[in-house]
Amino acid sequence: MVIKKVGVLGCGLMGSGIAQVSAGAGYSTVVKEIADDFLKKGLSSIEKSLGKFVEKGTITRDQRAETLGRLKGTTKFEDLGDCDIVIEAITENLQLKRETYATIDKIVKPPAIFASNTSSLVVTEMMTATKRVDRFIGMHFFNPVPLMKLVEVVGTITTSKEILDEAMKFAASLGKVPIRTSDRSGFVVNRLLVPYLLDAIRALEEGVGSVEDIDNGMRLGCGYPMGPFTLLDFVGLETTYYIANIMFEEFREKRFAPPPLLKRLVLAGHHGKKTGRGFYDYSDPANPKPLY
Ligand code: CAA
C-alpha cells in the first residue's frame, strides 16, 4: 500500500504539528477537529509556525503556500474516509479514543492504517475498538512536532510486519527519525523521561537544590536543552501527572509514582507555561521566574 492521503484527528498542540509536517512533506492532509473555533486556533498555529520557518529561511514563501494548499481542515469524520493513514491526536482519554476509533472504523476505507499519538495509553486497548487489528499502531511524536526529530512507532502483538515497515517508511518521509518500540506504557522515551522528571521534583522536595539550581545542573552539566523543571512546565504538569499515573498503574513501581508536590500543583491549576505558572512564573514570558 502507498500512503498518499493523511488524516489527522485533533488539531491541538500535537495534532496541528503532525498535520503541519505531513502537509509539509507533500501529503494531501485532512485535519479534523470537534468544532470550528478549535480548528481555527489549530490552523492559525500552523500558519504561525510556518511563518517562523519562512523568517528563518528554512522554507520559502512558496513552500509555505504549497504546504497550506495541501492542508484541509474539517469538523466531519466523513472527510477522513479516503485517507490511507489516520493519525489520532485527541485528548488522552481512553473512553473517548475508543468511541472515536469505533466511529472512524466504519467510515475510513478498510486498508487504511490507524495510528495513535498516545504517549502512555495501551495501544492494544484502543485497537480492540476496531476491526483492523493488523493495521493499528502507535505513532508517538514529540513536542514541538515541527522541530523534534523523533517518532516512536509502536507495534502491538497483532500488528503486521508490513504495516510496521510501512509506518517506519512513512515517518522517515516526514523528515523524522523513527524508532521501533513495543506496546508498553511510556514506550522508550517516557519510560526513561518520566522517572527522571519525577525524581527532579523529589530532589526539590528533599531540598537537594532549587528549581533554578536543578535546571542549571542538568542543562549545563549534561547538555540537556532544557532543565527538568523548564521541561515539566513546557510539557504541562497535568500531562506529566496523567502519564505518571498511567505508568504507575501499569508497572506498580515507585519510580513512576507522582510526587505530592506535582499533584498539588496540578490541583491548584498551576499547569506550567500554558497557565502562566508552574515551577516558574511566566508573567514576563521572556524572563520566567523560578518559584521554588
Ligand atoms: N515551529 C517553528 N519554529 C519553532 C517552533 C515551532 N513549533 N517552536 C519553536 N520554534 C523556534 C523558536 O521560535 C526559535 O526560533 P529563533 O531561533 O528564531 O528564536 C527556535 O525554534 C529555537 O527555539 P528557542 O529559542 O525556544 O530555543 P531552543 O534552542 O531551546 O529550542 C527546543 C527549542 C527545540 C524546544 C529545545 O529547547 C528542546 O529541544 N527542548 C526539549 C524539548 C523536549 O524535550 N521535547 C519533548 C517533550 S516530551 C514529549 O513531547 C512527549 C510526551 O509524551 C510528553
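Yes/no matrix, rows are residues, columns are (1) assigned to a helix (DSSP H, G or I); (2) within 14 Å of V194 (Cβ to Cβ); (3) open to solvent by less than 30 Å² (accessible area, probe 1.4 Å):
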residue	(1), (2), (3)
D215	yes, no, yes
P225	no, no, no
A244	yes, yes, yes
R264	yes, no, no
H270	no, no, no
Y292	no, no, no
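Filtered by the rule that a residue be open to solvent by 10 Å² or more (accessible area, probe 1.4 Å) and within 18 Å of D134 (Cβ to Cβ), segment 78-121 gives D84, A102, D105, K106, K109, P110, P111. Please work out if T240 is within 12 Å of the ligand (Cβ to nearest atom), out of contact with any Ser or Thr (no Cβ under 6 Å at 6 or more places or on another chain), in the same structural domain as A200 (by TED's automatic domain parsing) and of a type in the set (S, T, N, Q). Yes; evaluated as a whole, the condition is true for this residue. Among residues of segment 248-265 that are on the phi > 0 side of the Ramachandran plot, none has a beta-carbon under 8 Å from a residue that is surrounded by 14 or more Cβ atoms within 10 Å (Cβ to Cβ) at least six positions away or on a different chain. Restricting segment 272-281 to residues that are in contact (Cβ under 8 Å) with a residue 24 or more places away in the chain and assigned to a loop (DSSP other than H, G, I, E, B) leaves a set whose member that is nearest to the chain's Cα centre (by Cα) is G278.
Determine if segment 148-165 includes at least one residue that is within 16 Å of the ligand (Cβ to nearest atom), open to solvent by 40 Å² or more (accessible area, probe 1.4 Å), touching a residue at least 24 places away in the same chain (Cβ under 8 Å) and β-branched (V, I, T). No, because not a single residue in segment 148-165 is within 16 Å of the ligand (Cβ to nearest atom), open to solvent by 40 Å² or more (accessible area, probe 1.4 Å), touching a residue at least 24 places away in the same chain (Cβ under 8 Å) and β-branched (V, I, T). Being closer than 30 Å to E99 by Cβ, buried (at least 16 other Cβ atoms within 10 Å of the Cβ) and within 16 Å of the ligand (Cβ to nearest atom) is a condition met by no residue of segment 32-40.
Evaluation of V6 against the conditions (1) open to solvent by less than 70 Å² (accessible area, probe 1.4 Å); (2) out of contact with any Lys or Arg (no Cβ under 8 Å at 6 or more places or on another chain); (3) not in a strand (DSSP E or B) shows that the sole unmet condition is (3). Just one of (1) within 16 Å of the chain's Cα centre (by Cα); (2) not in a strand (DSSP E or B) fails for P178. It is (2).
Taken together, E55, E47 contain a single residue that is free of Cβ contacts under 8 Å to residues at least 24 places away in the same chain, within 12 Å of the ligand (Cβ to nearest atom), open to solvent by 70 Å² or more (accessible area, probe 1.4 Å) and under 21 Å from the mean Cα position of the chain (by Cα), which is E47. Checked against (1) under 19 Å from the mean Cα position of the chain (by Cα); (2) assigned to a loop (DSSP other than H, G, I, E, B); (3) surrounded by fewer than 19 Cβ atoms within 10 Å (Cβ to Cβ), V208 passes all but a single condition, namely (1).
The values are calculated or read from the model by the stated rules, or taken from the named source; none is laboratory data. Model, not experiment: these values are computed from the prediction. As a convention, Cβ positions derive from the backbone with ideal geometry for all residues, glycine included, and neighbour counts pool all protein chains shown. Just the protein is used for accessible areas: all its heavy atoms, side chains included, with ligands, DNA and RNA removed. Shrake-Rupley method; radii C 1.70, N 1.55, O 1.52, S 1.80 Å.
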